[in-house]
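My questions will all concern the structure given below.
Where a number appears in this text, it was derived from the coordinates with a stated rule and is not lab data. This one's a predicted model, so the numbers in the text were calculated from it and none came from an experiment. Cβ sites come from the backbone with ideal geometry, for glycine too, and all protein chains shown count toward neighbours.
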Amino acid sequence: MKKIYVVIGASGLIGSHIIQRLRETEVEFFSIDKQSSKDLSYVSDLSSLDEVVAIITKYMSDDYAVSLIYAAGKNGSVEKGALDNLFNFDKDDFQEYIQQNVLIPYDLFLRLIAEAKKYSTILRLWLLCSHYSLIGANDSIYNEEFGPIVKIKPHGYIVSKHAAVGVVKSLASTYGDEKITINGFIPGGVKNNQDNKFLDKYKKYAPIGYMCPPEEMAKWIVCVANPELSYANGALFTVDGGVTAW
């Protein structure tokens, strides 16, 4: 049985480190993203899922086990200045979170499940969620440094990541079987050029006392996404330094 990993969203922080880890482990893989990079195998806009499905279907047969890691989506990250102002509501921005973090992965996964059943392919689908898939934000870690303007983690991000859990659970319960499994990976507190003030506040927020290097998070993801592992279905694998243990 041939194993192959597919990474969607290879240009992002976690996606790029997953690619690096896969290269280190010398397994077969390819990547898909709308942004061209040295690690990218295929350039494709995820709003055109027909093309993405066609690319992945090339590797579907009864002698392949495919593990797809969906690491794309819209992120409301502090290091990219993507926080919201308190009481501010941008309907279009909110809908974009839902579109990218819920509707697109749901549509893609459903199509790939149908193709996998057609070709009798082993398919492991992994959706990158967030620790905000399980809890609301502690906005105090975001707003102090902005003075009189109170900043919050975008509610569109939090709502969409909660809904991503619904994507995993609903698809797993309806379509999961011996060959097709759908799971979620919940990373929390990934270090990415946040300033020292934020890092100091995060030490108090996370029981473990620090943020996770993206290289380590990628190792966790690649480990559990091994397509040989079959008994997890509808599961949420949480690696967040204990944030959701409060």
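Report the FRET efficiency, 1/(1 + (r/R0)^6), for ILE149 and GLU28, where r is their Cβ-Cβ distance and R0 is 35 Å, rounded to 0.05.
0.10
Could you tell me the calculated FRET efficiency between LEU110 and TYR210, based on Cβ-Cβ distance and R0 = 45 angstrom, to the nearest 0.05?
Efficiency, from the Cβ-Cβ distance: 0.75.
Which of rounded, prolate or oblate describes region 163-246 when judged by the alpha-carbon gyration tensor and an a/c cut-off of 1.5?
In terms of gyration-tensor shape, prolate.
Under a point spin-label approximation (7 Å from Cα along Cα-to-Cβ), what is the ASN193-VAL53 distance to one decimal in nm?
Reported label-point gap for ASN193 and VAL53 is 3.6 nm.
Can you give the calculated 222 nm mean residue ellipticity of the chain, where each DSSP H run of n ≥ 4 adds -39,500 (n - 2.57) and the sum is split over every residue, rounded to the nearest 500 deg cm²/dmol?
-11500 deg cm²/dmol
If a/c stays under 1.5 just call it rounded; otherwise compare a/b with b/c (prolate if a/b is bigger, oblate if not). Do that for region 108-165, with a ≥ b ≥ c from the square roots of the Cα gyration tensor eigenvalues.
prolate
Rank by packing, highest mean first: peptides 169-178, 60-69, with packing defined as the count of other Cβ atoms within 10 Å averaged across residues.
Ranking the peptides 169-178, 60-69 by packing returns 60-69, 169-178.
Under 22 Å Cα to Cα from LYS151, which lysines show up? Leave out anything in the same chain fewer than 8 places away.
Here the lysines satisfying the reach criterion relative to LYS151 are LYS74, LYS80, LYS91, LYS161, LYS191, LYS197, LYS201, LYS203, LYS204.
Run the simple label-point estimate for GLU178 and LYS117 please: 7 Å along Cα→C-beta, distance reported in nm.
With each label placed 7 Å out from Cα toward Cβ, I get 1.7 nm.
Another question about this same structure. On C-alpha positions alone, give me the angle between the axis of helix 214-224 and the longest principal axis of the chain, in degrees, nearest 10.
40 degrees
Further question: Once the Cα gyration tensor of region 2-245 is diagonalised, what are the square roots of 5 times its eigenvalues, in whole Å and ordered largest first, as equivalent ellipsoid semi-axes?
The answer is 31, 19, 17 Å, longest axis first.
Would you pull out the residues with amide H under 5 Å of PHE29's amide H, same chain only if 5 or more places away, H placed 1.01 Å from N?
Those qualifying (amide H under 5 Å, at least 5 residues apart or on another chain) are TYR5.
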